């Protein structure tokens, strides 16, 4: 699975890139990849910039930026509107898992089609430099992909189900705060230590989430904490998914599209078995047949939009770096929430705005903690360029 960002860049290319770990969701499923934070003076990316097998490297950086931003906004705005349109109906609550199964089916077909288009073989695997025949896939490799698929299922299934209980903007805000479970899990499970900036970023995001939730409780008569439980579970799965994808990407020398294909294919089988055992398969099929346009029609479009939207994000990260990508995707999420209030009847309060700004500040504070030196150097250059300072300073923000 392409991790939270750069289409079909294989691990051998990753060795040429510096580590600026960026994460994004498909939507609801993150993909993690080491992407180089390009210099502000670089005129061309160092590796091919690909979108679904199409090479955009011959375009100028400005043209790549325009294509990526246009694709991100078109794909994800349609995705968000269609997702809310489908899941906001209370009648679909018992059948949300079946719709997730349908989404996995579409993603599996699209990822396989992409592999076929790029002529990437699935028959052999490279594990830490050694070529391993496909017969060993039933052992160690299957366990790796199976756990990856389970985390993917948890991320998307819980996220989809939460929409039927939560205000959609609340769900978007929660999904933007994956750093919270990542930090908590790192401290409790791996005994990791984090910088003061990272801890501060998580605290700011937490305050923003609590404030946003309190506003939601005050204005939404149908608010339920069960929706918060579901989206929190999705957030935890998403955080674990990013870390585990990083592990799998280091262990397996395969393209990201292969990871995506096996995650969704195995996840489809897992979901299918779960629905069959729960007895919801036939009732869900009958419900979908009764609503073919809204479920199948809209479901196909929103699945395709989600899949290709990820590719545009990966392209943007690869060509312009993490800061640009986060800025664009944050603005896109803001537009998504605004459209949600416009297109779907729901109460509004200014507390939503202030709470969302806190979350955004936490996101950028976390991003700054990862790229502090390069950002400080860039700020010093700009201050010196405009004559605000007379000579380079040892540090801009000595924290």
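This table checks each residue for (1) crowded, with 17+ Cβ neighbours inside 10 Å; (2) more than 26 Å from the chain's Cα centre (by Cα); (3) closer than 26 Å to residue 84 by Cβ; (4) modelled with pLDDT of 80 or more.
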position: 354; (1), (2), (3), (4): no, no, yes, yes
position: 357; (1), (2), (3), (4): no, no, yes, yes
position: 360; (1), (2), (3), (4): yes, no, yes, yes
position: 386; (1), (2), (3), (4): no, yes, no, no
position: 390; (1), (2), (3), (4): no, yes, no, no
position: 393; (1), (2), (3), (4): no, yes, no, no
position: 397; (1), (2), (3), (4): no, yes, no, no
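How many of the residues in the range 62-100 are under 30 Å from residue 321 (Cα atoms), surrounded by fewer than 16 Cβ atoms within 10 Å (Cβ to Cβ) and at pLDDT below 85?
Number satisfying all stated conditions: 2.
Please indicate, with yes or no, whether at least one residue in the range 101-110 is at pLDDT below 90, within 21 Å of the chain's Cα centre (by Cα) and under 24 Å from residue 286 (Cβ atoms).
Within the range 101-110, not a single residue is at pLDDT below 90, within 21 Å of the chain's Cα centre (by Cα) and under 24 Å from residue 286 (Cβ atoms).
Do we find a residue being in contact with a helix residue (DSSP H, G or I) (Cβ under 9 Å, 6 or more places away or on another chain), part of a helix (DSSP H, G or I), under 22 Å from residue 152 (Cβ atoms) and modelled with pLDDT of 90 or more anywhere in the range 308-325?
Checked the range 308-325: no residue is in contact with a helix residue (DSSP H, G or I) (Cβ under 9 Å, 6 or more places away or on another chain), part of a helix (DSSP H, G or I), under 22 Å from residue 152 (Cβ atoms) and modelled with pLDDT of 90 or more.
Can you confirm whether residue 301 is modelled with pLDDT of 80 or more, in a helix (DSSP H, G or I), over 23 Å from residue 207 (Cα atoms) and out of contact with any helix residue (DSSP H, G or I) (no Cβ under 9 Å at 6 or more places or on another chain)?
So residue 301 fails the test.
Just to be sure I understand the filter: pairs with C-beta atoms under 9 Å, separated by 6 or more residues or on different chains, first member in the range 272-288 and on the phi > 0 side of the Ramachandran plot and part of a helix (DSSP H, G or I), second member surrounded by 17 or more Cβ atoms within 10 Å (Cβ to Cβ) and modelled with pLDDT of 90 or more. Which pairs pass?
Hits for this filter: zero, empty list.
For the range 271-279, check the following and say yes or no: at least one residue is modelled with pLDDT of 75 or more, buried (at least 16 other Cβ atoms within 10 Å of the Cβ) and under 11 Å from residue 151 (Cβ atoms).
no
Right, residue 289: within 16 Å of residue 107 (Cβ to Cβ) and at pLDDT 85 or above or not?
Taking the combined requirement at face value, the residue does not satisfy it.
Restricting to the range 326-358, give me the number of residues that are farther than 25 Å from residue 203 by Cα, part of a helix (DSSP H, G or I) and out of contact with any helix residue (DSSP H, G or I) (no Cβ under 8 Å at 6 or more places or on another chain).
Count: 2.
For the range 120-131, state whether one or more residues are surrounded by 13 or more Cβ atoms within 10 Å (Cβ to Cβ), at pLDDT 55 or above and in contact with a helix residue (DSSP H, G or I) (Cβ under 7 Å, 6 or more places away or on another chain).
Checked the range 120-131: at least one residue is surrounded by 13 or more Cβ atoms within 10 Å (Cβ to Cβ), at pLDDT 55 or above and in contact with a helix residue (DSSP H, G or I) (Cβ under 7 Å, 6 or more places away or on another chain).
The values are calculated or read from the model by the stated rules, or taken from the named source; none is laboratory data. Values in this document were obtained by computation on a predicted structure and should not be read as measured data. Glycine gets a Cβ as well: all are built from the backbone with ideal geometry, and neighbour counts include every protein chain shown.
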